[in-house]
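Working notes for the structure below.
No lab work stands behind these numbers, since they all come straight from the coordinates. None of these values were measured; they are calculated from a predicted model. Cβ placement follows ideal geometry from the backbone for every residue including glycine, while neighbour counts extend to all protein chains displayed.
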Amino acid sequence: MLEKTFDPKSVEPRLYEMWETSGAFKPTDKEGAESFSIVIPPPNVTGSLHIGHALNNTLQDVLIRFERMRGKAALWLPGTDHAGIATQMVVERQLAAAGQQSRRDMGREAFVQKVWDWKAESGGTIVGQLRRLGASCDWSRERFTLDEGLSAAVRKVFVQLHKEGLIYRDKRLVNWDPYFQTAISDLEVEQKEVDGAYYHFAYPLADGLTYQHPVKDEEGNETFETRDYIVVATTRPETMLGDTAVAVHPDDERYKGLVGKEVVLPIVGRRIPIVADEYADPAKGSGAVKITPAHDFNDFQVGKRHNLQSLSILDGEARIVPSYFNAPEYKDIPDNLRGLDRFAARKAIIAEMENLGLLKEIEKTRHMVPHGDRSGVVIEPYLTDQWYVNAGELAKDALAAVEDGRTVFEPKNWEKTYFEWLKNIEPWCVSRQLWWGHRIPAWFGPPLEADNPDRFAGKIFVGEDQDEILKQAKDYYGNIPISFGNTFTAFRQNGVITAVELRQDEDVLDTWFSSALWPFSTMGWPEQTKDLERFYPTHTLITGFDIIFFWVARMMMMGLHFTGKAPFERVFINALVRDDKGQKMSKSKGNVMDPLVLIDEFGADALRFTMTAMSGQGRDIKLAKQRIEGYRNFGTKLWNAARFAQMNECAHVEDFDPANVKLTLSRWIRGEVQKTVQAVTTALEACAFDDAASALYKFVWNVVCDWYLELAKPILNGDDEAAKAEIRATTAWVLDQCLILLHPVMPFITEELWDKTANGARPNHLIVQTWPEFKGDWIDASADDEINWLIDLISEVRSIRSEMNVPGSARAPLSLTGASSVTKARLETHRDLILFLGRLSEVSVSETAQAGSVPFVSAEATAHLAIAEFIDLKAEEARLLKDIAAFDKSIDGTRRKLDNPEFVKKAPEEVIEENRERLAEAEGGKAKLAAALERLKAAL
């Protein structure tokens, strides 16, 4: 006999271990089985399960369990990402906390080993947490983005793209993180609004030049004053040391006579030109802007248009160039500023400009400043040599694959986001100044010319291994000794190179570079493996909208370029999980919900069903504990139904065939099973997870528990042994179908019930059972009509009793007028059930309605529930009118808000959505009460 309650804490670990050790997560080897594969969006090796992971992985698991039960060779390939910056940050912090050497002190090799040690001990915690969620990944195929096989794929891709001219080295501005001292992508930059100021500086005109600048007097009249300076404004005064021009708009009459002249850059004394460029906005500030090509992305473009020098005045740690930066262009930077942190330098420069009388104004402001999403420090535009991918070229096939339908997005509106980014894509900077990651397979050799001063002006060799590099180097240098070391050095004799040392690029590749290869590198590419042949392209990718740029688009580019096939047939974009008020979850708000805590409290099944039920396309999930608790109650309802079946000897019958049942109730529930199978199958095929959950909930709770089992009780308690045997067998079969259909969403409780109710008749576990299919039509129209008539009649009686506050102990009479012979026969057949379930004193057919009755329609007849003797009709009318008035007040207030353009414009989206939901609920509540009032009036 089943225990009284289901205990997730004891059951879930036991069942998961059983599934995994039995090989149930592996794709079937059955010949002819259709392949269906999903690759997991690899979580960071540093990560732990958050609520977004819970949603994303639940939906993947629902889909893979569903397709596995349909007999497909279903592979869900798991793994983790090495997460370059995040992992290096974790280990560096641990070293600092332990008082150990910094990574630079211990050296690259020792530090990387430390990271591997950390991964072996602490990395991959999230993998165990995914098991707690019930994720049925094939862990035997688990991959890591730094696995040797994946590393080989990365090297091959880099080398091939380089040979094709699609990877190249260039000096460009990048987003530079001074904390990690590495380039980061635009997508890893967070814009934060902070307090700041515009500092208005006067730049003196060179050679004693003056001009007439328009100003307004105290009365507002325009006049002119003679100026020997131009005013520029900046929020980053420290960058002025690298200014190489001042720009004015070509149509700005104030400065037309100054274009081509020069100003003297204060503090450093360098003469810089005044250029005409449309980037300068005449209506903003003074209309003149300082141009610092090496420290501003817009200025960089201006510099290219006017052939300006790009002068970097910050080093990798965002300090003003230290004294060892001794190139001629730095000679004028004052010694007292060299080596200062950028913010200390800012204060010093402001003070100096004030001392010089050149600080004209400090204008306080709040403005957006870029920050590193990992480090939290202010990001600097920085001019460096980096490796770039020609993403624009690779994007062409990725665009075409979605445009022609080879890959579809669901919901479809996300295609627009994908298209807009790919059509405006910039070169992809793929090098990172880190030590943890895929080291770039490029080696630098010395130039053949002995006097070349540029340390990167030598030869670059790109190859998959040192043998390939050695061959290239010999082709370049000739037959001389070549070694690999930490420098690139030429050993010369009489000006002739006699030996060289090559140095590998210090940088690693952007983490997203290796992740872009994930769908095919994890299958064994570049080797033509059985997995690659069988499971690539994958079928469905389930992921969040926030990594369409980071990951989805890049996988499409790489997959198409290297395999000729789009990596996915379908990309399903799941929603964002918010709190119950619609706000984004964050630690600072204190509204984060930890899925592991929720699993401890409610069980994995309840959380999974909540995620599935609320995952409707195109809307965010408002998650509240009450929802999860409600779906735990749903599991309890199922458990109690199974206990009821056991107590009534409803056991699995091996040769039971639903096609042969005779009773009306059996034929009706058989049809309901078929309808539900069709609805759930259609929904899951379309990734309409919420529709599937809705169909399951309605079937299990409403159809099976609320009605079928209630309608079956009289038969089970009766004396007709044949009918009793059929209902027992049918009930056992129906519950089996419930377990099979629910298994993808609620795997633990369904597996436990499957095993505990087997009675030795089932050799296999539920996870490997076959999804129901119907070769014939089991929907019986006559049985449907009769049982649905009965359900509708009882439901209306219950509804009226509830609406009119009829006491639960009251037994009111029910009469039907205008009843057909069919209805009369049904009343006789089901009289006892109608009396019991409707809490009625009698059921009759009459010509007229009893006084004080509330009418409702039942098929062709009109039913009358006599309630006047049990309630005060006038008082009930007053209550309904009062409640309707309360709804009117709520509706009016909410509608006024939503009709107010200012409210809609200024209110957060979650507040607007909350008001729309409140309005819909109030209107629905009012409509229900209004209908009840109309019925009540008939009884008055």
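For segment 182-382, a simple Cβ point-charge model (Lys and Arg +1, Asp and Glu -1, everything else neutral) yields a dipole of about 460 debye relative to the Cα centre. Across segment 716-795, the fraction of Cα-Cα pairs farther apart than 19 Å, rounded to a whole number, is 56%.
Given a Förster radius of 35 Å and the C-beta distance between E164 and F297 as r, what FRET efficiency does 1/(1 + (r/R0)^6) yield to the nearest 0.05? Intermediate results must be reported in sequence, preceding the final value.
Values: r = 28 Å, r/R0 = 0.79.
It comes out at approximately 0.80.
Cross-link pairs exceeding 31 Å in C-alpha to C-alpha distance, out of K72/K423; K364/K906; K171/K584; K662/K928, comprise K72/K423; K171/K584; K662/K928. Please name which of G564, T5, V275 has its Cα lying farthest along the dipole of the chain towards the positive end, using unit charges on Cβ (Lys, Arg +1; Asp, Glu -1) and the Cα centre as origin. Sorting the options by dipole projection puts first T5.
Considering only Q493, I482, Q466, and ranking their Cα positions along the charge dipole of segment 446-500 that arises from unit charges at the beta-carbon of Lys, Arg, Asp and Glu, the one farthest toward the positive end is Q493.
Summary of the geometry: segment 137-200 and segment 337-370, compared by the centres of their Cα atoms, lie 32 Å apart. Taking Cα atoms only, the orientation of helix 148-163 departs from the longest principal axis of the chain by about 50 degrees. Among 214-227, 592-605, 357-370, 286-299, the peptide with the highest mean count of other Cβ atoms within 10 Å heads the list, and the full ranking is 286-299, 592-605, 357-370, 214-227. With N the number of residues in segment 760-857, Rg(Cα) / (2.2 N^0.38 Å) evaluates to 1.55.
Fully extended, how many nm does the chain gain between E222 and S821 (0.36 nm per residue separation, minus their Cα-Cα distance)? Show your work: numbers first, answer last.
Details: separation 599, 0.36 × 599 = 215.64 nm, distance 9.85 nm.
Length gained between E222 and S821: 205.8 nm.
Taking 8 Å as the Cα distance limit and 6 or more residues as the minimum spacing, I'd like the relative contact order of the chain as a percentage. The partial results should precede the final answer.
Values: 1565 pairs, mean separation 113.3, N = 940.
After rounding, I find 12 percent.
Could I get the Rg over Rh figure for segment 182-382? Both from C-alpha atoms, Rh via Kirkwood, rounded to two places.
That ratio equals 0.97.
Pairwise Cα distances in segment 545-633 exceed 22 Å for 44 percent of all pairs. With 0.36 nm allotted per residue and the present C-alpha distance subtracted, the R271-D195 stretch has 24.1 nm of extension available. Think of each Lys and Arg Cβ as +1 and each Asp and Glu Cβ as -1; about the Cα centre, that makes the dipole of segment 617-746 roughly 580 debye. Mean separation of Cα pairs under 8 Å and 6 or more residues apart, divided by the residue count, gives segment 498-596 a relative contact order of 25 percent.
For segment 446-500, just run the numbers: alpha carbon Rg, then divide by 2.2 N^0.38 Å, N being how many residues it has. Walk me through the numbers before you get to the answer.
Details: Rg = 11.0 Å, N = 55, 2.2 N^0.38 = 10.1 Å.
Expressed relative to 2.2 N^0.38 Å, the Cα Rg reads 1.09.
Between N915, V661, L623, the Cα set farthest toward the positive side of the dipole of the chain (charges on each charged residue's Cβ, about the Cα centre) is that of L623. Label positions at Q678 and E649, each projected 7 Å from the Cα along the C-beta direction, are separated by 3.6 nm.
Spacing of the modelled spin labels on D580 and Q100, each 7 Å from Cα toward Cβ, amounts to 4.5 nm. Based on alpha-carbon atoms only, what is the radius of gyration of segment 804-919 relative to the globular estimate 2.2 N^0.38 Å? Ratio of Cα Rg to 2.2 N^0.38 Å: 1.64.
Taking a straight line from the alpha carbon of K416, these lysines sit under 17 Å away, with near neighbours fewer than eight places off in the same chain left out: K396.
Computed from label points 7 Å out along Cα-Cβ, the spacing between K637 and Q493 is 9.1 nm.
Taking the Cα centre of the chain as the origin, how large is its charge dipole in debye, to the nearest 20, when only Lys and Arg (+1) and Asp and Glu (-1) carry charge on their Cβ atoms? Numbers along the way, then the final one.
Working: 112 positive and 142 negative charges, 152 e Å.
Charge dipole, the chain, about its Cα centre: 740 debye, nearest 20.
Distances between every pair of Cα atoms in segment 621-779, grouped in 5 Å steps from 0 to the bin holding the largest one, split as 1, 8, 18, 22, 22, 15, 8, 3, 1, 0, 0 percent. Each Cα pair under 8 Å and six or more residues apart adds its sequence gap; the mean of these over the residue count of segment 621-779 is a relative contact order of 34 percent.
Just so you know, the Rg over Rh for segment 700-760 is 1.03, from Cα atoms, with Rh as the Kirkwood radius. Per-residue extension of 0.36 nm, minus the Cα-Cα distance of N717 and D335, leaves a gain of 127.6 nm for this segment.
Diagonalise the Cα gyration tensor of segment 514-597 and give the resulting equivalent ellipsoid semi-axes, square root of 5 times each eigenvalue, largest first, whole Å. Let's see the in-between values first.
On the way: eigenvalues 230, 33, 25 Å².
Equivalent-ellipsoid dimensions as semi-axes: 34, 13, 11 Å.
Give the separation of the Cα centroids, segment 388-406 to segment 872-917, in Å. Rounded to whole Å, the Cα centres lie 49 Å apart. Computing Rg and the Kirkwood Rh from the Cα coordinates of the chain gives a ratio, Rg/Rh, of 1.09.
Cross-link check: pairs K625/K698; K216/K290; K675/K937 evaluated at a Cα-Cα cut-off of 28 Å; pairs beyond the cut-off: K675/K937. Taking the centroid of alpha carbons for each part, segment 726-758 and segment 804-863 are 36 Å apart.
What residues of segment 56-98 lie in the reach of a label at K30, counting those whose backbone N is under 14 Å from a point 7 Å from the Cα along Cα→Cβ? Under 14 Å, as judged by backbone N against the label point of K30, lie 66-75 of segment 56-98.
Whole number please: convex hull volume per residue of the Cα set in segment 217-330, in Å³? Could you put the intermediate results ahead of the total?
Values: hull volume 14.4 nm³, N = 114.
Convex hull of Cα atoms, per residue: 126 Å³.
The residues neighbouring G357, those whose beta-carbon lies less than 15 Å from its own, together hold a net charge of -2 under the Lys/Arg +1, Asp/Glu -1 convention.
Could you tell me the calculated FRET efficiency between R108 and D385, based on Cβ-Cβ distance and R0 = 25 angstrom, to the nearest 0.05? If you can, show how the numbers build up before the last one.
Working: r = 19 Å, r/R0 = 0.77.
Efficiency at R0 = 25 Å is approximately 0.85.
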